[in-house]
């Protein structure tokens with residue numbers, strides 16, 4: 001029964017990783033940008049929600065809805081000011097730009113909020129700590145289910161957007177051939193800005209979940225980035241559903257590892273990541289595909 | 001009425017100058033063939049007109065309005081569409097999605113009317129573009145350009161890599177499109193075909209226009225020598 005419990009808890013943890021990884025996957029899939037500031041953007045989102053909650057006393061979930069437009073505007077601005085310029089000069093420059101952005105965000109957060117550890121778990125209400133005892137060895141947390149349902153909804157909505165709407169086709173067309181997309185009347189700059197705004201908004205959702213399910217501080221970003229990055233790679237670079245499955249696989253690997261020995265939690269996740277890298281990318285190719 | 005005017009256009013790829021001081025006009029309703037050997041600058045010229053290549057100097061005017069610094073997607077909304085060399089379809093999108101994503105301007109052309117002109121695509125409608133044959137891909141590429149209801153259709157080597165019988169089918173469809181009054185500027189390697197479909201030919205050599213004239217009256221030997229630069233003025 002303990003192993004069943006570990007797998008169930010791993011699925012909840014993995015859904016959280018999948019939400020964190022989603023935006024990373026979008027930015028890589030559409031623009032070939034590996035956003036090293038992604039974890040810090042998630043933490044920034046958590047702080048924006050935190051400020052709103054502190055100022056108004058509203059629920060973090062309502063505060064997130066208020067924070068969303070702020071983060072979307074931030075995503076647009078980020079693409080049009082920094083990333084678009086860096087994209088023009090090769091694949092390495094965006095990597096360096098986002099690395100610098102990561103440091104800037106961390107230090108601005110340190111200046112404004114001090115290194116104190118925060119959490120929104122208390123403000124989110126009692127249900128975030130409630131759970132159902134299914135059997136003696138298996139309990140299911142309410143917030144875990146919320147995260148899982150939201151994760152599936154986010155990925156499902158993205159899938160529908162990319163496969164059913166004209167804006168989604170334009171995003172896939174631009175991802176596949178930005179030059180040809182321009183020639184059929186698609187504003188590739190606009191598509192890139194929308195992709196980044198979408199990625200930042202979903203990162204902020206990951207930040208909200210982080211803030212409620214555990215704690216965060218200005219330097220929490222890089223740890224989140226590593227898990228998100230591993231989820232993307234395990235699922236296959238640029239594959240949308242793969243990212244969800246990759247997140248779930250990483251979560252399960254970590255909780256099962258922790259079942260063996262609590263010290264093995266992160267280690268088993270890394271081992272899964274390395275095993276996938278060796279098996280899949282042993283001289284293979286990377287491509288962007290959307291399941292139809 | 002002049003639809004397109006290219007004035008003293010210079011295009012470069014780094015140190016290589018592909019187009020050198022090219023000036024010409026295309027009137028509304030005309031069909032003009034650009035001919036010349038590989039590397040003469042034809043494709044670059046078309047890309048510069050469509051906005052995919054930023055010229056070093058000179059101007060591109062549509063309806064006498066300067067569009068030289070306008071980005072490609074905005075030129076599409078003015079009615080310029082390029083069928084690029086190598087087709088450049090979006091491989092994971094289906095035929096229908098490739099067409100519908102390109103519907104920038106309303107008009108005579110929509111998914112239905114494009115499929116009527118290229119009936120071979122009807123059965124392939126929901127198939128990913130990556131899985132089509134070369135001829136089918138070329139038909140989608142032309143159809144995709146038509147979806148923006150262009151006033152000026154730029155065609156870059158639509159017969160390249162296709163079997164002769166497929167090329168015939170593509171050109172039959174093109175004849176119908178030209179008859180409907182769409183202005184066409186096409187690059188074609190096959191001189192006979194170019195002279196047959198076009199009202200006027202422009203021959204380029206090493207980035208310059210070396211010969212220009214009516215397709216009906218132009219002397220074939222003259223064109224051949226201009227094509228290869230046999231009687232180049234010193």
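The values are calculated or read from the model by the stated rules, or taken from the named source; none is laboratory data. This structure is a prediction, so every number in the text was calculated from the model and none was measured. We place every Cβ from the backbone using ideal geometry, glycine too, and count neighbours over all the protein chains shown.
Table: residues versus (1) assigned to a helix (DSSP H, G or I); (2) in contact (Cβ under 8 Å) with a residue 24 or more places away in the chain; (3) touching a strand residue (DSSP E or B) at 6+ places or on another chain (Cβ under 8 Å).
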{"site": "A:18", "(1), (2), (3)": "yes, yes, no"}
{"site": "A:33", "(1), (2), (3)": "no, yes, no"}
{"site": "A:43", "(1), (2), (3)": "yes, yes, yes"}
{"site": "A:71", "(1), (2), (3)": "yes, yes, no"}
{"site": "A:76", "(1), (2), (3)": "yes, yes, no"}
{"site": "A:79", "(1), (2), (3)": "yes, yes, no"}
**Prompt:** Can residue A:93 be described as farther than 17 Å from residue A:200 by Cβ and part of a helix (DSSP H, G or I)?
**Reply:** yes
**Message:** When you scan the stretch A:94-101, do you find a residue that is in contact with a helix residue (DSSP H, G or I) (Cβ under 8 Å, 6 or more places away or on another chain), loosely packed, with under 15 Cβ neighbours inside 10 Å and over 24 Å from residue A:122 (Cα atoms), even just one?
**Reply:** yes
**Prompt:** Restricting attention to the stretch A:124-174, which residues are within 14 Å of chain B (Cβ to nearest Cβ) and in a loop (DSSP other than H, G, I, E, B)?
**Reply:** A:165
**Request:** Say whether the condition of being assigned to a loop (DSSP other than H, G, I, E, B), within 11 Å of chain A (Cβ to nearest Cβ) and surrounded by 18 or more Cβ atoms within 10 Å (Cβ to Cβ) is met by at least one residue in the stretch B:131-147.
**Result:** yes
**Item:** Unique residue being modelled with pLDDT under 95, buried (at least 22 other Cβ atoms within 10 Å of the Cβ) and within 17 Å of the chain's Cα centre (by Cα) when the list is B:51, B:41
**Value:** B:41
**Item:** Pick from the stretch B:174-189, criterion buried (at least 17 other Cβ atoms within 10 Å of the Cβ) and out of contact with any strand residue (DSSP E or B) (no Cβ under 6 Å at 6 or more places or on another chain), ranking: farthest from the other protein chains (Cβ to nearest Cβ)
**Value:** B:174
**Fill in**
Of all helices (runs of 4 or more DSSP H) fully inside the stretch B:1-119, the set with 3 or more residues that are within 14 Å of chain A (Cβ to nearest Cβ) is B:42-50, B:72-78, B:95-100
**Prompt:** Among the listed residues A:218, A:222, which satisfies the condition of being assigned to a loop (DSSP other than H, G, I, E, B), over 30 Å from residue B:81 (Cα atoms) and touching a helix residue (DSSP H, G or I) at 6+ places or on another chain (Cβ under 6 Å)?
**Reply:** A:218
